[in-house]
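A short write-up of the structure that comes next.
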Amino acid sequence: MVKKLWGGRFSKKTEPLVEEFTKSIQYDQKLAKCDLIGSRIHVQILKKSGYLTSDEASKLFNALLSITHSINDGTFKPDNKSEDIHTNIQNILQKKVGDLALKLHTARSRNDQVVFATKLYCKLSIFLLEREIDKLKVSIKELSDKNKNVIIPGFTHMRHAQPVYLKDYLLVYVEMLKRDKQRLDYISKNIQITIGAGALAGTPIDAVEYSVKASEVLKELEGFAEAFKIIATTNSLDAVSDRDFVIEIISALSTIAMHLSRLSEDLIIWSTKEFDFVEIDEAFCTGSSLMPQKKNPDVLELVRGYTGRLYGNLVSVLTMMKGLPLTYNRDMQLDKEPLFDSFEIISSELKVLTRLIKTVKFNEEKIKEHLKDESLYATDLVYYLVDKKVPFQEAHTIVGKLVKYSLDNEIQIKDMPENLLKKFSNKFVKKEIVKLFDPLVSVKSKKSIKR
Ligand code: ARG
């Protein structure tokens, strides 16, 4: 039978169904390394405050370190019968150092342990995710540089609006990713890793002792020591009650999911036969078991589809927290799966899109055909009249009527004789306006964009 951390008060054996129902080891084993860091810090605190002799402290410290090594070299096997990873580690420790392990839990509760480990895990995961965001940014930037002279029809309401540079369109996603990274950065900086809450009421150890030399333990996390400053808790009740950081992170990850979904949607539409703007590489598509001709953008569809999972995860944690009285309640154990799931989905989406984007090829000939649509230049005709001192709204109405005439009579504006054009406005000079139906002239005439 696996040892529990709380058996003393109970005379009955726990129902196997209850054990199965309450355990979290199947997912919180991801916290193992972070939990071990917390335990090594706790050993230092216990030594400083006289609860452990130097000798006991170094025995415990080294045993904890050897468990960390077993994780690093892949030999650590979580015991799925344990209630959670914290219990599992405690039991391994006992096997290694005997009853000395029982002293580790002095002035400590899993309520504090779990917040410590989760916060550390979040900071690490954000750090790694930010690198993936950067890689996708580079990939999109390279694609936009490769196509820097390509002009495409810009859309509003999914209708032809005005010509725009493809590079500007693609760089929108770089802007989104920049904001995404800033958002995560801000959240991470605001996560205060505290220690010393105990179960809820604090511990008999003086707060001064908790200003731990965490950097010593964190040496293995090269470069992180500064960001992962650990401080004594200022409100122990808040420390064990708070899951705001989980909600903020899943919210930021949901925003990333939404951005990646929009990028995917653009590529899905652009790769249809109807648009034919882009070619998605075969290595990133899949086929149909029935229709032999199919080359489907399943990767992009899944990125779009996973967005729902992210939103679901956010709503799940928000709802789980909303009715909880202070302080810790077991419900809070259920924050882990949505949190880990959200990190993992976004990380794989960033990775797969970084590769996919590198292979995207734009079909300039097809794009040029789309750019022949005269409606894309209607606004430029309005500006032309405005330059000739026609009030904007009047010019708008004139061009509106001209476009309607062109559609009703199936005649292109640039093919209309000058006397017909003059019926709409005597300011129209045919040889001037035919020059306006040019994508390059159109984009170059927009001066408001700071380049
Ligand atoms: N596995 C639990 C969690 O993740 C540990 C906390 C248990 N605390 C308690 N008071 N029962 O929340």
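The values are calculated or read from the model by the stated rules, or taken from the named source; none is laboratory data. All values reported here derive from a predicted model rather than from experimental measurement. All Cβ positions, even for glycine, are placed from backbone atoms using ideal geometry, and neighbour counts span all protein chains on display.
Numbers below:
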item: Residues satisfying the stated conditions in the range 284-317, i.e. farther than 20 Å from Ile249 by Cα and polar (S, T, N, Q); result: Thr286, Ser288, Ser289, Gln293, Asn296
item: Checking Ile92 against (1) away from the ligand (no atom under 13 Å from the Cβ); (2) surrounded by fewer than 18 Cβ atoms within 10 Å (Cβ to Cβ); (3) among the β-branched types (Val, Ile, Thr); (4) at pLDDT 95 or above, the condition it does not meet; result: (2)
item: Matching residues, the range 299-329, being touching a residue at least 24 places away in the same chain (Cβ under 8 Å), assigned to a helix (DSSP H, G or I) and within 16 Å of the ligand (Cβ to nearest atom); result: Val317, Met321
item: Filtered residue count, the range 167-216, keeping only those that are in a helix (DSSP H, G or I), among the charged types (D, E, K, R) and more than 30 Å from Lys358 (Cα to Cα); result: 3
item: Selection status of Asn72, under 35 Å from the mean Cα position of the chain (by Cα) and within 16 Å of the ligand (Cβ to nearest atom); result: no
item: Within the range 78-88, tally of residues that are closer than 11 Å to Ala32 by Cβ and away from the ligand (no atom under 12 Å from the Cβ); result: 1
item: Verdict on Thr397 being over 24 Å from Ser188 (Cα atoms), more than 16 Å from the ligand (Cβ to nearest atom) and β-branched (Val, Ile, Thr); result: yes
item: Test: Leu104 is of a type outside the set (Phe, Trp, Tyr), in contact (Cβ under 8 Å) with a residue 12 or more places away in the chain, surrounded by 13 or more Cβ atoms within 10 Å (Cβ to Cβ) and touching a His at 6+ places or on another chain (Cβ under 8 Å); result: yes
item: Pairs where the first residue, in the range 330-348, is away from the ligand (no atom under 16 Å from the Cβ) and the second is among the acidic types (Asp, Glu), C-beta under 7 Å, 6+ apart; result: Ser347/Glu132
item: Single unsatisfied condition, Thr234 versus (1) outside any helix (DSSP H, G or I); (2) hydroxyl-bearing (Ser, Thr, Tyr); (3) buried (at least 21 other Cβ atoms within 10 Å of the Cβ); result: (3)
item: Selection from the range 266-298 of residues that are in a helix (DSSP H, G or I) and under 14 Å from Thr359 (Cα atoms); result: Leu267, Glu282, Ala283, Phe284
item: Among (1) within 23 Å of the chain's Cα centre (by Cα); (2) more than 16 Å from the ligand (Cβ to nearest atom); (3) modelled with pLDDT of 95 or more - the single one Phe127 does not satisfy; result: (3)
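Residues checked against (1) closer than 27 Å to Leu124 by Cα; (2) buried (at least 20 other Cβ atoms within 10 Å of the Cβ):
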site: Gly8; (1), (2): no, no
site: Gln26; (1), (2): yes, no
site: Ile37; (1), (2): yes, yes
site: Arg40; (1), (2): yes, yes
site: Val43; (1), (2): yes, yes
site: Leu52; (1), (2): no, yes
site: Asp55; (1), (2): no, no
site: Leu60; (1), (2): yes, yes
